[in-house]
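Undergrad: To start, I am sharing the structure in question, which I have written as structure tokens.
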Amino acid sequence: LRCAVGDPAPRVRAAAAAAVAQLLEGPATRQYLAAAELRVNPKTGQAVRRNFASLSSTLGDTAVTLHHALVRVIALDPSLSCLPAACRALSTFLDAAPFARLPPELLPNAMAALWKRLQE
């Protein structure tokens, strides 16, 4: 994901986003994402951490990080050639992510970034 966010070449960023989309499309990835869970403290809004990190919480952290990176690419990438691949990767993630087990602000943040970019 580092290439999709910070590489100076637009073709590399687009290829990295396309690779992320391909990784998210497989049935095995959907099974792993279905297990993702991130518990959030309602008072602070921060993720609840324990001494032991279960597989579901680790997958939840990974899913939230992936979501933030893809939203960042869509919101801030100056090259329009990267936008279709980033939108495809984000839509594939949104299709596979278990939003009932992840923080509630993920979906509105993604839609707001897409809407803002479409209005430009």
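The values are calculated or read from the model by the stated rules, or taken from the named source; none is laboratory data. In this text the structure is predicted, and so the values were computed from the model without any measurement. With ideal geometry, Cβ positions are generated from the backbone for all residues, glycine too; neighbour counts draw on all protein chains shown. Only protein heavy atoms, including side chains, enter the accessible area calculation; ligands, DNA and RNA are left aside. Shrake-Rupley method; radii C 1.70, N 1.55, O 1.52, S 1.80 Å.
Undergrad: List every residue pair whose Cβ atoms sit under 9 Å apart, with the two residues 6 or more apart in sequence or on different chains, where the first one lies in region 20-34 and is without any contact (Cβ under 8 Å) to a residue 60 or more places away in the chain and over 20 Å from Asp61 (Cβ atoms) and the second, anywhere, is assigned to a helix (DSSP H, G or I) and not basic (Lys, Arg).
TA: Pairs that qualify, where the first residue is without any contact (Cβ under 8 Å) to a residue 60 or more places away in the chain and over 20 Å from Asp61 (Cβ atoms) and the partner is assigned to a helix (DSSP H, G or I) and not basic (Lys, Arg), are Gln22/Ala89; Gln22/Thr92.
Undergrad: Of all residues in region 49-92, how many are of a type in the set (A, V, I, L, M) and loosely packed, with under 11 Cβ neighbours inside 10 Å? Please lay out each step first, then the result.
TA: So the first thing to find is which residues in region 49-92 are of a type in the set (A, V, I, L, M), and the list is 53, 55, 59, 63-64, 66, 69-71, 73-76, 80, 83, 85-86, 89-90.
Applying the additional criterion that residues be loosely packed, with under 11 Cβ neighbours inside 10 Å yields 76, 80.
Selection size over region 49-92: 2.
Undergrad: Can you tell me which residue in region 69-83 is nearest to Ala28 (Cα to Cα), limited to those that are in a helix (DSSP H, G or I) and free of Cβ contacts under 8 Å to residues at least 40 places away in the same chain? Break it down into steps so the answer makes sense when it comes.
TA: Step one: list which residues in region 69-83 are in a helix (DSSP H, G or I), which gives 69-76, 83.
The next check asks that each one be free of Cβ contacts under 8 Å to residues at least 40 places away in the same chain; those that pass are 76, 83.
Details: Leu76: 30, Leu83: 26 Å.
Here the answer is Leu83.
Undergrad: Out of region 75-113, which residues are more than 12 Å from the chain's Cα centre (by Cα) and of a type in the set (Lys, Arg)?
TA: Scanning region 75-113 gives a single hit, Arg101.
Undergrad: From the residues in region 99-116 that are modelled with pLDDT of 90 or more and open to solvent by 20 Å² or more (accessible area, probe 1.4 Å), which one is nearest to Arg30 (Cα to Cα)?
TA: Of everything passing the filter in region 99-116, Leu107 is nearest to Arg30 (Cα to Cα).
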